[in-house]
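The values are calculated or read from the model by the stated rules, or taken from the named source; none is laboratory data. Please read these numbers as outputs of a predicted model, since none were measured by experiment. Using ideal geometry, Cβ is built from the backbone for each residue, glycine included, and neighbour counts are taken over all protein chains shown. The accessibility values were calculated without ligands, DNA or RNA, using every heavy atom of the protein model including side chains. Shrake-Rupley method; radii C 1.70, N 1.55, O 1.52, S 1.80 Å.
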Amino acid sequence: MAICIIALVCFFASAMGSVCGIGGGVIIKPVLDALGIMEVASVSFLSGCTVLSMSAVSLYGNLKNKETIRFRKPFAWSITAGSVLGGILGKAAFRVITGNMADKNRIGAVQAAVLLCLTAATLFSHCGKTKKTARSAADMPLIFAVGAVLGILSSFLGIGGGPMNLAVLTCLFSMETKEAALYSIHVILFSQTAGLCAALVTQTVPPFPPAMLFLMSGCGVLGALAGARINKKADNRVVDKLFTVLLLVIIAISLYNIFRYL
């Protein structure tokens, strides 16, 4: 029964994450934490791997959709470079905090609290439509810094980006939701790749059932394929509404996890 739930959660989260550009991990991580199936560190690692596979497929599908999305390569690679640095720093921060906590599962409460605050701020920003304070998309140092911050949060939380990616991109650079989703997937893919490589190099990969990795990653790929199809047909209004609903779901689950761990 638990296996079926995990498979459905990974598929649904990856499909919705592909459409909205928020990364399926923002749903997978808190849901699996709430179910208490595995230790927090293992869930973070597996969620990151699932999002990595999902984002690779999703990015490929979105880049083929050139007729509706204007792809700016200098912007994409500047924010990607920042996300790589952020991914490494985020994993380092996770190792330091877990290493200094006697109760390893308490890190789940920290992650849930950070995710709750970020998601609530994103919901406020999204509902207020604060997209008018646009910065230049040619400001490379700013773009790099934004990518680094988003990469740190993505890697530390084990969620593969999350709703804050879209909020930051739409607010700072006045992008439509679907365009911001494309660059968000860039950040997710490369920050998670950097975080995974850092974990392998430092030999800090937590224990997990190998079969679970293949199951979750496979469902992530299938979900991304389904999400890419939906993304082609959905307009920005539909994506906006779906994004708002997902934010409310994430807030509710994060609140539950905070009380559960404390």
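What are the residue pairs meeting all of these: first residue in the range 74-86, first residue free of Cβ contacts under 8 Å to residues at least 40 places away in the same chain, second residue assigned to a helix (DSSP H, G or I) and surrounded by 22 or more Cβ atoms within 10 Å (Cβ to Cβ), Cβ atoms under 9 Å, and 6 or more apart or on different chains? Pairs that qualify, where the first residue is free of Cβ contacts under 8 Å to residues at least 40 places away in the same chain and the partner is assigned to a helix (DSSP H, G or I) and surrounded by 22 or more Cβ atoms within 10 Å (Cβ to Cβ), are W77/H186.
Got at least one residue in the range 186-209 being farther than 23 Å from Q111 by Cβ and either without any contact (Cβ under 8 Å) to a residue 40 or more places away in the chain or out of contact with any helix residue (DSSP H, G or I) (no Cβ under 8 Å at 6 or more places or on another chain) (or both)? No, because not a single residue in the range 186-209 is farther than 23 Å from Q111 by Cβ and either without any contact (Cβ under 8 Å) to a residue 40 or more places away in the chain or out of contact with any helix residue (DSSP H, G or I) (no Cβ under 8 Å at 6 or more places or on another chain) (or both). Just one of the numbered conditions (1) open to solvent by less than 10 Å² (accessible area, probe 1.4 Å); (2) touching a Cys at 6+ places or on another chain (Cβ under 9 Å); (3) not small (G, A, S) is not true of I185: (2). Taking the range 116-165 as the range and being modelled with pLDDT of 75 or more, of a type outside the set (S, T, N, Q) and in contact with a Gly (Cβ under 6 Å, 6 or more places away or on another chain) as the test, the residues that pass are F144, G147, A148, G151, I152, F156. Can you spot a residue in the range 12-21 that is open to solvent by 20 Å² or more (accessible area, probe 1.4 Å) and modelled with pLDDT under 85? Checked the range 12-21: at least one residue is open to solvent by 20 Å² or more (accessible area, probe 1.4 Å) and modelled with pLDDT under 85.
Scanning the range 214-262 for residues that are among the small types (G, A, S), surrounded by 20 or more Cβ atoms within 10 Å (Cβ to Cβ) and closer than 24 Å to F124 by Cα returns a single hit, S254.
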